[in-house]
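**Student:** Okay, handing you the structure first.
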Amino acid sequence: MRISIEEVEKMASLSMLYVSDDDKKMLQSSLESILSHAQRLNELDTENVEPTTYILKQQNVYREDETTDKLSREELLRNAPEQEDGYFIVPQVVE
Amino acid sequence: MKLNELNLTQALTLLDKKEITSAELTEDCLKKIEMAEPKIHALVTIAGENAMEQAKAVDKKRAAGKKIGRLAGIPGIIKDGICTRDVRSTASSKMLYNYVPVYDAHVIEKLKAEDYVLVAKANMDEFAMGSSTENSHFGVTRNPWDMERVPGGSSGGSAAAVAADETIFALGSDTGGSVRQPAGFCGVVGVKPTYGTVSRYGLMAFASSLDQIGPLTKTVEDSAFLMNVISGRDERDSTSAIMRYPDYEKDMRKDIKGMKVGVPKEYMEQEMSNDVRRVFEDSVKLFKDMGATVETTSLPTFDYALSAYYIISSAEVSSNLARFDGIRYGYRTKEYADLKEMYKKTRSEGFGDEVKRRIMLGNYVLSSGYYDAYYLKALKVRTLIKNDFEEQFKKFDILLSPVTPTPAFKIGEKSTPMEMYVSDLFTVPVNIAGMSAISVPAGLSADGLPLGIQVITNAFWENTMFRAAYNFEQSAGFAAKPAL
């Protein structure tokens, strides 16, 4: 199982991460070894097997969509790295 | 005897008889924390003053004859990936180094309703990714039995704190063995409940289809007691099971004559230390002596569980950890030119290496061209593994295995990710199949390190699990303690 440096870079980009050149090599080798180990899954015939995402049999659990005021604006902003006038501050995205 | 050395059942009895107060009990835990923490570093945040206030408040209620909860005045330590209102909860990540939740996890609401006392938040592998508690932004936790060794992980702080008697009980979370493996390494009891039994509301998500919160305690009885408190339907978790929740202590003390026990040969064919094999064989003999019938059986898909686990859990990680963007909470990088650079720098500086590796692996197996080959394939293999376990429980009441292939390993010993992942070999299949399992101390290695056995039962068969574990615990009589 080979993974190219370009693929590592693509994954980093998809993951919103910067990766140094040294780390790229380290990640390349560890991801190769994890995915090589995973090749063994191909030994199993899964032609007519349904995938299992959740083990519970229950599905589509609904509840009423009701607004509550359990948390105040002040509380919700309490952990914000930057805030002003009751809003989160983000870098400018529209020119 | 120092009061912090009591188990939960003993402490409750003495509190009820008014022979001790919660303030005395909590103070002894805090004293032990002060003494042991410089050596083992099991904790991220200590809630000392708050804990004493809570304890005194419960004492007043009890003295006044007011209605009190089932855990009134009992000190507990909570894994730092579980949200505790107004008490910092970091998941041992730089990303959340300053995060103070404005709400309690469902399990915390339950514990508070029973008047427990929050003593501290426990160290862990960052976002629960790891098997040794070496991947923590706040530094490694050491095993109370041997400071050169890891306590296991990811709930290593919780396990070490219980083993060191810093607390009466702890909560952890188990995605691939993160409660059972550290419980095994530290000589305490640890439970991975059936998926859906304990609400995940307020548990910082690692792999949502596998995560379950579970107790770490000094006895099996204490774990069953805590399951009665923390389990139950919660509509804020859409995977919370809709059912009648049992009394987990029911039938626990009945004997196990005639219980059908299976030992999957695939477990025993793995490389494992001689000590693990010896203690396990002694444990099997105990089950026979207690009147159980023990048979060798086979789980043909055992060898595939670990690979399926790392693909599925990493895929879920890459989605779950997308929320950490430096905007609403947690760490934000200092300097940036635009939004994208802010995201990227925040995440690159905020996450540790193992977390980054799993996010990238997850994005790889979910990306177009690889989705079918890896992610979908792993989900199909998961079906086969689940079917395999379900077949076993047509024949057996429980399956038995060692918890880990070796006793606690040395800090720094596992140099590659794959070496580390293999330490979860025996615990991972249970999460993939959604079964329930418990780790119970069974004996000591030649070096004096604790070793556990794992009792596995079918989904929602916790009563059988606790009964087998309780009977085993009583006859094994494991009483060793770390010399800390």
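**Student:** For the stretch A:64-73, indicate whether the set of residues that are more than 9 Å from every other protein chain (Cβ to nearest Cβ), closer than 30 Å to B:Y336 by Cα and out of contact with any His (no Cβ under 6 Å at 6 or more places or on another chain) is non-empty.
**Tutor:** yes
**Student:** Pairs only if they're at least six apart or on different chains, beta carbon under 7 angstrom, first in the stretch A:66-79 and within 20 Å of B:G326 (Cβ to Cβ), second assigned to a loop (DSSP other than H, G, I, E, B) and among the hydroxyl-bearing types (S, T, Y); list them, first residue then second.
**Tutor:** So the pair list comes out as A:N79/B:Y99; A:N79/B:Y329.
Results for (1) within 22 Å of the chain's Cα centre (by Cα); (2) not in a strand (DSSP E or B); (3) not acidic (D, E), shown as yes or no for each residue.
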position	(1), (2), (3)
A:S30	yes, yes, yes
A:S33	yes, yes, yes
A:N48	no, yes, yes
A:I55	yes, yes, yes
A:Q58	no, yes, yes
A:E64	no, yes, no
A:P81	yes, yes, yes
A:V90	yes, yes, yes
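**Student:** Related question: With a cut-off of at least 1 residues that are over 24 Å from the mean Cα position of the chain (by Cα), crowded, with 19+ Cβ neighbours inside 10 Å and facing chain A (nearest Cβ under 9 Å), name the helices (runs of 4 or more DSSP H) lying wholly within the stretch B:285-401.
**Tutor:** B:339-350, B:353-366, B:377-395
**Student:** Read through the list (1) closer than 27 Å to B:S208 by Cβ; (2) touching a helix residue (DSSP H, G or I) at 6+ places or on another chain (Cβ under 6 Å), then give the number of the only condition that B:N463 fails.
**Tutor:** (2)
**Student:** Is there a residue being closer than 20 Å to B:G177 by Cα, surrounded by 21 or more Cβ atoms within 10 Å (Cβ to Cβ) and within 12 Å of chain A (Cβ to nearest Cβ) anywhere in the stretch B:212-228?
**Tutor:** Yes, the stretch B:212-228 contains a residue that is closer than 20 Å to B:G177 by Cα, surrounded by 21 or more Cβ atoms within 10 Å (Cβ to Cβ) and within 12 Å of chain A (Cβ to nearest Cβ).
**Student:** Suppose we filter B:E19, B:E49, B:E24 for residues that are outside any helix (DSSP H, G or I) and among the acidic types (D, E); which single one remains?
**Tutor:** Residue meeting the stated conditions: B:E19.
**Student:** Between a first residue in the stretch B:1-12 that is closer than 14 Å to B:L71 by Cβ and a second residue that is part of a helix (DSSP H, G or I) and of a type in the set (D, E), which pairs have beta carbons less than 7 Å apart while being 6 or more apart in sequence or on different chains?
**Tutor:** So the pair list comes out as B:N7/B:D222; B:L8/B:D222; B:T9/B:E221; B:T9/B:D222.
**Student:** Since B:P405 meets every condition but one in (1) surrounded by 24 or more Cβ atoms within 10 Å (Cβ to Cβ); (2) more than 14 Å from every other protein chain (Cβ to nearest Cβ), which condition does it not meet?
**Tutor:** Of everything listed in (1) surrounded by 24 or more Cβ atoms within 10 Å (Cβ to Cβ); (2) more than 14 Å from every other protein chain (Cβ to nearest Cβ), B:P405 misses just condition (1).
**Student:** Please identify the pairs in which a residue from the stretch B:15-33 that is under 10 Å from B:D59 (Cα atoms) has its Cβ atom under 7 Å from the Cβ atom of a residue that is of a type in the set (S, T, Y), counting only partners at least 6 apart or on another chain.
**Tutor:** Close Cβ pairs satisfying both conditions: B:L15/B:S22.
**Student:** Can you pull out the residues in the stretch B:46-57 that are surrounded by 19 or more Cβ atoms within 10 Å (Cβ to Cβ) and under 18 Å from B:D165 (Cα atoms)?
**Tutor:** Matches in the stretch B:46-57: B:A47, B:A51, B:A55.
**Student:** Between a first residue in the stretch B:98-113 that is within 11 Å of chain A (Cβ to nearest Cβ) and a second residue that is of a type in the set (F, W, Y), which pairs have beta carbons less than 7 Å apart while being 6 or more apart in sequence or on different chains?
**Tutor:** So the pair list comes out as B:Y99/B:Y329.
**Student:** Looking only at the stretch A:5-57, how many residues end up being free of Cβ contacts under 8 Å to residues at least 12 places away in the same chain, more than 7 Å from every other protein chain (Cβ to nearest Cβ), over 19 Å from B:Y421 (Cα atoms) and not acidic (D, E)?
**Tutor:** 7
**Student:** Still on this model: I need the full set of residues from the stretch A:6-26 which are under 17 Å from the mean Cα position of the chain (by Cα) and of a type in the set (A, V, I, L, M), in order please.
**Tutor:** A:V8, A:M11, A:A12, A:L14, A:M16, A:L17, A:V19
**Student:** So if I check each of A:V93, A:V61, which one is within 7 Å of chain B (Cβ to nearest Cβ) and surrounded by fewer than 10 Cβ atoms within 10 Å (Cβ to Cβ)?
**Tutor:** A:V93
**Student:** Starting from the stretch B:418-447, keep only residues that are within 13 Å of chain A (Cβ to nearest Cβ), then list their pairs with residues that are surrounded by fewer than 21 Cβ atoms within 10 Å (Cβ to Cβ) and part of a helix (DSSP H, G or I) whose Cβ atoms are within a distance under 6 Å, requiring at least 6 positions of separation or different chains.
**Tutor:** Hits for this filter: B:M418/A:S33; B:A433/B:K386.
**Student:** Taking the conditions exactly as written (under 27 Å from B:G130 (Cα atoms) and part of a strand (DSSP E or B)), does B:I432 satisfy them or not?
**Tutor:** no
Any read-out appearing in this document is the output of simple, stated calculations on the displayed coordinates, not a laboratory observation. For clarity, every value in this text was computed on a predicted model and none was experimentally measured. With ideal geometry, Cβ positions are generated from the backbone for all residues, glycine too; neighbour counts draw on all protein chains shown.
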